Amino acid sequence: MSSQKALQFSTFYKKYYFAMLPLVAFTLVFPHAKKSKLNEEEAWAKRALSEMTLEEKIGQFFMVAAFSNGSEEHLQEIESYVKNQRIGGVIFFQGERTDLKQAIHRFQSQAKVPLFIGMDAEWGVKMRLYGEDRLPYAYTMGAANTIQLTRQYGALLAQECQELGIHMCFAPVADVNNNPKNPVIGFRSFGASAEKVGNMVSAMTQGLEDNGVMACLKHFPGHGNTDKDSHLELPTVNSSLHELETNELKPFAKGIKAGASSVMIGHLSVPSLDPTGISASLSRKIIQDKLQKEMQFEGLVISDALNMKAVSEKYGKSEVVLKAFLAGCDILLYPESVQEAIELIAKKVKNKEISEETIDARCLKILKQKHRFVVSKPKFIKHTTEEKLAFQFHSYEKAITVLKSKYKQPFLADLNDQTVVISIGKNKSPFYHHLKKYMDFQYFHFYSIEEAKEHLSKKSHGHQKMILTMHPLTVRNKNHFGLGEDFQSLVDLFPHHTSNSLVLFGNPLGIGAYDLKHFDHILIGYENHDVMQEAMVHALVGATEIYGKLPMNINPQWMEHAGLYIPDLGRVKYTLPEYVGLSTEKLKSIDLIVENAMQ
């Protein structure tokens, strides 16, 4: 080798050596750290298990329902379960921030083993607590269809939970919204496409678990394709095995691969998986054979609430708990019988119908997860209020969907056009105030369609453009998704000589049955949130481009993925520094420096 080549080789080797040092160190150290952490988890769990009686081990499977705004008698009852039956966890429902934190501290202080605290917080703790702001609904995130935002969604959700002392978030919903008549899933699902739902579920799971909160995929094996409510009766999912494999089960498989630590089993009859027709939550074939063996899920299996009529009315209060446990549910959610059910399971163990090894193994599985999510106090990313608001702006802007646009441009491209806005419903002020920043217009607000019809039938508007903004009270499948039966008669009163725009701050399924030919422009805002209304103003005036897509099928005219692209006009919009990656707090400090300099 020549001296020049040797010098080149030496230089290359040195660069390669020093570049590889961090990787070598990481390779050597990280497995040891990970192994140490797992050893610590195992040791803690085994020690806790060794100090329990049989009944205390069984108590770890129970997660009872609590209302932090309940009476003192109710709180004492829960406290008694913690102290005497040594239950494993509590799922919280109604309340507000202060009384929830007090209740959690009260119960945890009485627990021999730290409690798992859970909550249905699909769109944030607002789902259960008063006085909180909520995150977007799942179908809004499906319309935005952005993996990065959905992962951030999970991180923000984890922060809300961690700050309150909640370890288990019963989300994301992995059900595919493939039945528009579904009374209980709908807007809670990311959409009608198994592929999209799977991607969103995977991203949200990562956001939650990476920030120290247990994600729970629900409702296995899929609650979307039914028109029955499992809170009231046992729905049947008649999909074939092939249909389940290519549709309902896909999001669960992706969520499991993404690292979800738990799966909730729905109260659903799925004959193609269990021909007996028994509820999935009570079926060994569905839980042990399908979920655990075939799909290789090793995390916690959680029953849906055992007080739901789909199962509670057919079996006794203790019997249904036993059946769920025998089927493979590790955590028995919302049991109506605690002491009796514990005694029944203990009796089965003493009679050798359930082995003590089974009790130990499943209790140990719960304890390991408790160490991971409770004892070790996992870290999470802290977002400021402004960062959360910027996230909402991004999500709502990306979700806005244009189903119809006569001129393929923003409806209010010309701010000098004479325009009248008619708003119907509640929480309509943000739209009005933000639009006022851009233009003058005539404004009318009515609480009901009947009021608006009376106005339109008597008054002839000599305007160039009219905007109807609908602010329904619900996004659920009732009363035509909050639009009511008189919506068509209202639509028919809009004059033909003006250019009309319909803006719906609600569930797009609500407009599927109506003839909307009088509208040149139809925009879907999905939910009646303040930030969505501001984002919609930006869309109408051309301050942002629009490219949201329907996450579900409305009718043959507007199917999933429908949505027109409308370019922006380069107009300035009102927003937060965080929206463009800056910091409100840092800008305030700069303002202070400048102000001091000027003085």
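The values are calculated or read from the model by the stated rules, or taken from the named source; none is laboratory data. All of these numbers come straight from a predicted model, not from anything done at the bench. Positions of Cβ are backbone-derived with ideal geometry, glycine not excepted, and every protein chain shown enters the neighbour counts. Side chains are part of the model used for accessible areas, which takes the heavy atoms of the whole protein and leaves out ligands, DNA and RNA. Shrake-Rupley method; radii C 1.70, N 1.55, O 1.52, S 1.80 Å.
Testing the spin-label approximation: label points 7 Å from Cα along Cα→Cβ at Leu569 and Glu96. State their distance in nm.
Going by the 7 Å Cα→Cβ label model, 4.4 nm.
Taking the Cα centre of the chain as origin and charging only Cβ (+1 Lys, Arg; -1 Asp, Glu), how large is the dipole, in debye to the nearest 20? Display every interim value, and only then the final one.
Values: 68 positive and 67 negative charges, 341 e Å.
Rounded to the nearest 20 debye, it is 1640 debye.
Calculate the all-directions average of the projected area of the range 204-301's alpha-carbon convex hull, and give it in nm².
6.0
Among 117-130, 493-506, 150-163, how do they line up by average Cβ neighbours within 10 Å per residue, starting with the highest?
Sorting 117-130, 493-506, 150-163 by mean packing, highest first, produces 150-163, 117-130, 493-506.
Report, by chain and number, residues whose modeled amide H sits under 5 Å from the one on Ala65, excluding near sequence neighbours (fewer than 5 apart, same chain).
Ile91, Tyr334
Ranking request for peptides 547-556, 210-219, 430-439: highest mean number of other beta-carbon atoms within 10 Å first, then the rest in descending order.
Sorting 547-556, 210-219, 430-439 by mean packing, highest first, produces 210-219, 547-556, 430-439.
Counting only residues 5 or more places away or on other chains, whose amide H sits under 5 Å from the amide H of Ser261 once H atoms are built in the peptide plane?
Ala215
Considering the alpha-carbon set of the range 302-355 alone, what are its Rg and its Dmax in angstrom?
10.6, 31
Compute the Cα gyration tensor for the range 460-552, then decide on rounded, prolate or oblate, letting a ≥ b ≥ c be the square roots of its eigenvalues: rounded whenever a/c is under 1.5, prolate when a/b is larger than b/c in the other cases, and oblate in all that remain.
Cα axes put the range 460-552 in the oblate bin.
For the range 288-381, count the residues as N, evaluate 2.2 N^0.38 Å, and divide the Cα radius of gyration by that value, please.
Normalised by 2.2 N^0.38 Å, the Cα Rg of the range 288-381 equals 1.20.
Expressed as an acute angle from 0 to 90° and rounded to the nearest 10, what is the orientation of the C-alpha long axis of helix 449-458 relative to the principal long axis of the chain?
Computed tilt is about 10 degrees.
Please work out the Kirkwood hydrodynamic radius for the chain, using every pair of different C-alpha atoms, and report it in angstroms with one decimal place.
Across the chain, the inverse of the average 1/r is 26.6 Å.
Read phi for every residue in the range 285-295 and hand back ³J(HN,Hα) as whole Hz from Karplus 6.51 cos²θ - 1.76 cosθ + 1.60, θ = phi - 60°, with x for Gly and Pro.
With the stated coefficients, the range 285-295 comes to 4, 7, 7, 7, 6, 7, 5, 7, 7, 6, 8 Hz.
Run the simple label-point estimate for His518 and Asp414 please: 7 Å along Cα→C-beta, distance reported in nm.
2.3
Which of the aspartates and glutamates could a cross-linker bridge to Lys196, judged by Cα under 14 Å and excluding same-chain residues fewer than eight apart?
Correct list for Lys196: Asp175, Glu248, Glu560.
Spelling out what I want: for every residue of the range 147-160, take phi, set θ = phi - 60°, compute 6.51 cos²θ - 1.76 cosθ + 1.60 (Karplus), and round to whole Hz; glycine and proline get x.
4, 4, 5, 5, 5, 5, 3, x, 5, 5, 5, 5, 4, 4
Which pairs, out of Lys285/Lys370; Lys254/Lys368; Lys250/Lys323; Lys101/Lys573; Lys218/Lys368, put more than 29 Å between their alpha-carbon atoms?
Lys101/Lys573
What residues have an amide H closer than 5 Å to that of Cys329, excluding those fewer than 5 places away on the same chain, when H is modeled at 1.01 Å from N in the peptide plane?
Under 5 Å from the amide H of Cys329: no residue qualifies.
In whole Å, what are the extents of the range 130-177 along the principal axes defined by its C-alpha atoms, from largest to smallest?
30, 22, 19
Restricting to bridges with both residues inside the chain, how much of the DSSP beta-bridge set is antiparallel, in percent to the nearest 5?
Expressed as a percentage, antiparallel bridges in the chain total about 10.
Give a residue-ordered list of calculated ³J(HN,Hα) values for the range 556-569 (Karplus: 6.51 cos²θ - 1.76 cosθ + 1.60, θ = phi - 60°; whole Hz; x for Gly, Pro).
x, 6, 10, 9, 3, 6, 5, x, 8, 8, 10, x, 7, 9
Rounded to the nearest 10 Å², what accessible area does Glu40 have for a 1.4 Å probe in the complete protein model?
110
For the chain, what % of the accessible area comes from carbon and sulfur atoms, probe 1.4 Å?
Of all accessible area on the chain, carbon and sulfur atoms account for 52 percent.
For the range 39-153, what is the percent of antiparallel DSSP beta bridges, rounded to the nearest 5?
Taking every DSSP beta bridge within the range 39-153, about 0 percent pair in antiparallel fashion.
List the extent of the Cα atoms of the range 410-516 along each of their three principal axes, largest first, rounded to whole Å.
39, 27, 23
Compute the orientation-averaged projected area for the range 348-435 from the convex hull of its Cα atoms and round it to one decimal in nm². Mind dumping the intermediate values first?
Working: hull surface 55.3 nm².
Result: a mean projected hull area of 13.8 nm².
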